[in-house]
Amino acid sequence: MLRARALLALLFAATTSGVAGADEEEPPPKPRPTAPDTRAGRPTIALEAGYTRLFGTAEAGLYQSDAAGWGTLPGLQLAYPFTRHTAVELRAQAGSFSSTDACPACKTSALVVAPGLVYHLVDGAPFDPWFSFGVGYRKTEIKNGFGTTTYSGFDFLRYTIGMDYYPARAIGFGPFFGLSFGKYTSSSRADVDLGSGRALTLVGLRVVISPFSL
């Protein structure tokens, strides 16, 4: 009888000690360390090239699409990231356009300088989706049989989206698509009605170099 009681006491003690140990709170898990920032403070250079088309009016009665067909618009983008996701940019583009059936003698060229902001969706991944928006200054020159007219004005909205792939840390490449909207505010000819507005579409490829990521 005494032996049975002793065994029951030992069993009860073992059971209660196990429950007490289970009731003790486990220490909270350590927070996961933040992934290293691979972008901030490392400027990039992008060489861009694409096909573009002009829409809207250069002046009242003169549609840009009548004077200029498809064009090539090579460009350069300088970007300085100040966080892992955001960067300031400056773009410069210069291109020429083909003639059209409406104006076979027309030769059109354009020059663009455009500051803006860039937002990168991810950091440290091989695929880098991004978009940018900003403003710009544009100069367009149209030559025809009657002479040369230069139009200049501002892009009040410029929007670009793209996807870069980085096979190595310091170099990437990918497609992009852009839209810009604006209005010419001056012309080399006096007394010209500059119309209601203009637009531009751009689709192309680019190569991105990050020399300080080596």
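The values are calculated or read from the model by the stated rules, or taken from the named source; none is laboratory data. Bear in mind the structure is a predicted one, so any value in this text is a computation, not a measurement. Neighbour counts run over all protein chains shown; Cβ positions are idealised from the backbone, glycine included.
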Of all residues in segment 170-200 being more than 20 Å from Pro129 (Cβ to Cβ) and among the β-branched types (Val, Ile, Thr), the one that is modelled with the lowest pLDDT: Val192
- prompt: Any idea which of (1) closer than 18 Å to Leu54 by Cα; (2) modelled with pLDDT under 95; (3) of a type in the set (Phe, Trp, Tyr) is the one Phe212 doesn't satisfy?
  reply: (1)
query: Which condition breaks for Asp123 when tested against (1) closer than 26 Å to Pro104 by Cα; (2) assigned to a loop (DSSP other than H, G, I, E, B); (3) touching a residue at least 60 places away in the same chain (Cβ under 8 Å)?
result: (1)
- request: For segment 60-80, state whether one or more residues are surrounded by 15 or more Cβ atoms within 10 Å (Cβ to Cβ) and in contact with a helix residue (DSSP H, G or I) (Cβ under 7 Å, 6 or more places away or on another chain).
  value: no
field: Evaluation of Ser186 against (1) part of a loop (DSSP other than H, G, I, E, B); (2) out of contact with any helix residue (DSSP H, G or I) (no Cβ under 7 Å at 6 or more places or on another chain) (one fails), failing number
entry: (1)
- line: Taking segment 141-157 and the residues there that are assigned to a strand (DSSP E or B) and of a type in the set (Phe, Trp, Tyr), the one that is farthest from Leu62 (Cα to Cα) would be Phe156
task: Filter segment 158-183 down to residues that are part of a strand (DSSP E or B), in contact (Cβ under 8 Å) with a residue 24 or more places away in the chain and out of contact with any strand residue (DSSP E or B) (no Cβ under 6 Å at 6 or more places or on another chain), then give me how many there are.
output: 1
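The rows are residues; the columns are (1) out of contact with any Gly (no Cβ under 8 Å at 6 or more places or on another chain); (2) farther than 18 Å from Arg91 by Cβ; (3) crowded, with 19+ Cβ neighbours inside 10 Å.
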{"site": "Leu117", "(1), (2), (3)": "no, no, no"}
{"site": "Ile142", "(1), (2), (3)": "yes, yes, yes"}
{"site": "Tyr159", "(1), (2), (3)": "no, no, no"}
{"site": "Asp164", "(1), (2), (3)": "no, no, yes"}
{"site": "Ala168", "(1), (2), (3)": "yes, yes, no"}
{"site": "Ser186", "(1), (2), (3)": "no, yes, no"}
{"site": "Arg189", "(1), (2), (3)": "yes, yes, no"}
{"site": "Val192", "(1), (2), (3)": "yes, yes, no"}
{"site": "Val203", "(1), (2), (3)": "no, no, no"}
message: Quick check on Gly116: is it modelled with pLDDT under 95, assigned to a strand (DSSP E or B) and within 21 Å of Phe176 (Cβ to Cβ)?
response: no
task: Give the residues of segment 97-123 that are under 27 Å from Gly61 (Cα atoms) and among the small types (Gly, Ala, Ser), sorted by residue number.
output: Ser98, Ser99, Ala102, Ala105, Ser109, Ala110
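Name the strands (runs of 3 or more DSSP E) wholly inside segment 36-98 in which the number of residues that are among the basic types (Lys, Arg) and closer than 22 Å to Thr185 by Cβ is 3 or more.
Filter on segment 36-98 gives an empty set.
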